[in-house]
Amino acid sequence: MVEFTKLNGSIILINPFQIEYVELIPESKIIMMNGRFHIVKENEDEIIQRITQYRRSICGKADLEV
């Protein structure tokens, strides 16, 4: 699971394999495969970095990208 911060400051954990896409509105809106969404404080670069880091940690590959 990847940790993100909602606009109210609460922490949420998201399964990155369930993310369908991210909208930048200017906040980051993470849309899940089930149609639900989460608006988070992290910007585009932070989201990509956290997801890439998570995937590397579970797959053990240094060149795995989002």
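Values quoted throughout were computed directly from the atomic coordinates according to the rules given, and no laboratory measurement underlies them. All of these numbers come straight from a predicted model, not from anything done at the bench. So basically every Cβ, Gly included, is an ideal-geometry build from the backbone, and we count neighbours across all protein chains shown.
Some observations on this one:
- Of (1) 17, 33, 36, 13, 1; (2) 20, 55, 18, 6; (3) 22, 55, 22, 2, the label for P(r) over Cα pairs in 10 Å bins from 0, in percent derived from the coordinates: (3)
- Distance from segment 3-27 to segment 38-53 (C-alpha centre basis), Å: 7
- Sequence of 32, 1 once ranked by neighbouring C-beta atoms within 10 Å, starting from the fewest: 1, 32
- Contact order normalised by residue count of the chain, Cα under 8 Å, 6+ apart, percent: 25
- The 3J(HN,Hα) values that the Karplus relation (6.51, -1.76, 1.60; θ = phi - 60°) gives for segment 19-26 are, in residue order, 7, 8, 6, 10, 9, 10, 10, x Hz. Gly and Pro appear as x.
- Assuming charge only on the beta carbon of Lys and Arg (+1) and of Asp and Glu (-1), the dipole of the chain about its Cα centre is about 260 debye to the nearest 20.
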